[in-house]
Each structure stands twice: as C-alpha cells, then as structure tokens.
1. Would you call ARG60 open to solvent by 60 Å² or more (accessible area, probe 1.4 Å) and in contact with a helix residue (DSSP H, G or I) (Cβ under 8 Å, 6 or more places away or on another chain)?
2. Looking for whichever is assigned to a helix (DSSP H, G or I) and either closer than 22 Å to GLU158 by Cβ or over 15 Å from the mean Cα position of the chain (by Cα) (or both) here; the options are GLU94, GLU36, GLU109. Which one fits?
3. Does GLY87 satisfy the criteria of being outside any helix (DSSP H, G or I) and farther than 20 Å from GLU6 by Cα?
4. Among the residues that make up region 149-156, is at least one of them basic (Lys, Arg), part of a strand (DSSP E or B), touching a Ser or Thr at 6+ places or on another chain (Cβ under 9 Å) and loosely packed, with under 13 Cβ neighbours inside 10 Å?
5. Could you say whether any residue in region 48-55 is under 12 Å from the mean Cα position of the chain (by Cα), in a helix (DSSP H, G or I) and in contact (Cβ under 8 Å) with a residue 40 or more places away in the chain?
6. Can we say GLU36 is open to solvent by less than 40 Å² (accessible area, probe 1.4 Å) and charged (D, E, K, R)?
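The values are calculated or read from the model by the stated rules, or taken from the named source; none is laboratory data. Remember, it's a predicted structure, so these values are computed and weren't measured experimentally. Ideal geometry is used to build each Cβ from the backbone, glycine not excepted, and the neighbour counts take in all protein chains shown. Surface areas here come from the heavy atoms of the whole protein model, side chains and all, with no ligands, DNA or RNA. Shrake-Rupley method; radii C 1.70, N 1.55, O 1.52, S 1.80 Å.
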Amino acid sequence: MDLPIEVAGEGDLAALHVLIEAAYRGDSARRGWTHEADLLGGQRTDIEALAAIVGDPGQRLLVARGPAGLAGCIQIAVKDGGTGYLGLLAVDPEVQANGLGARLIAAAEAHLAQLSASQVEMTVIRQRTELIAYYQRRGYTLTGEVRDFPYGDARFGEPRTGDLAFVVLAKSL
C-alpha cells in the first residue's frame, strides 16, 4: 500500500484510538493476521496516553492516511544514549498483509536515524511468536532480555493468562 506517512497531530487522536483498539483487541482484531485478543481483553491504550505521546517533543506517532481515514500507525521515541524505541505498530485489520506494516517500520527507522538514534529496540509479548518472527524477518534480533508485564494496570488491558512478559528485540540503524 502506497499511502502517505506523516506525523500525527492532536486532531488524529480519536481516529488513532479507534485504529489501535481495532488492530490489537476484540473481534475486529481477529480479522487481521496477528493480534493480542486471545491474550488480553480490555483496552490497548487510551486517548490520554496517545495525547501524551503526541504532545511530547521526544516522541512521535507516524500515521498512514488512506481514503477512508487512518490505515496504520507506529510510535517512535529516542531514549538516552541514542537508542530509539518503536511501538504501537497498528494496521487496520482490513488492510493487513499488504506491506503497510513494513513501510511504517521503515519510516520509523528513518525518522529515528534522523534523530541520531544508532539502534532501535521494541518489546513484544513473548507469546506472540508470529509477530516476533515478523520483526526478525526485518532484521530485529532477540536480545535475551525479558521485561515484566504491568499486571494490575488496566491501562494496558486485562490479561487472560498469568504468564505474560515482554521480550526485547533490537536492530542497529
């Protein structure tokens, strides 16, 4: 999909929230090739968290705009030491498997390189093996680091299993 990719603004918050929830949770997410709907219920994020990202000069949400509205998004940030962070990759389940996710990742990596990041990392729920494999095909490697899932914080969803954790993947830019 050859859609324009640009930085999101405050006017995009409601559409971003709908897109992210549809891609990650509930029955709408099951229409896509990968989702968290079987691992987590509840919300994936909220408008306040998205507004905090958009309003933070150290972070950006990149969006792909299609004729029907937002078709995809990805979050980027630069941490201390020149490490970039990539997160919230979401593609509308109706248009997944058309290359948009790969284009969003490439755009995010290009933005991070312009912001002087020398490497990028991300976290993925360890049970999402098909998604981990997707990122590995794009040059990311498992670092061996595992981070705790924020159990008890409804902002991150309602776990359906007690063994969730994040694996860390990284890539040099």
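1. Working: open to solvent by 60 Å² or more (accessible area, probe 1.4 Å): yes; in contact with a helix residue (DSSP H, G or I) (Cβ under 8 Å, 6 or more places away or on another chain): yes.
For ARG60, the condition - open to solvent by 60 Å² or more (accessible area, probe 1.4 Å) and in contact with a helix residue (DSSP H, G or I) (Cβ under 8 Å, 6 or more places away or on another chain) - is met.
2. Unique residue meeting the criteria: GLU94.
3. So GLY87 does not fit the description; no.
4. Among the residues of region 149-156, not one is basic (Lys, Arg), part of a strand (DSSP E or B), touching a Ser or Thr at 6+ places or on another chain (Cβ under 9 Å) and loosely packed, with under 13 Cβ neighbours inside 10 Å, which makes the answer no.
5. Looking for residues that are under 12 Å from the mean Cα position of the chain (by Cα), in a helix (DSSP H, G or I) and in contact (Cβ under 8 Å) with a residue 40 or more places away in the chain, one finds none in region 48-55, hence no.
6. yes
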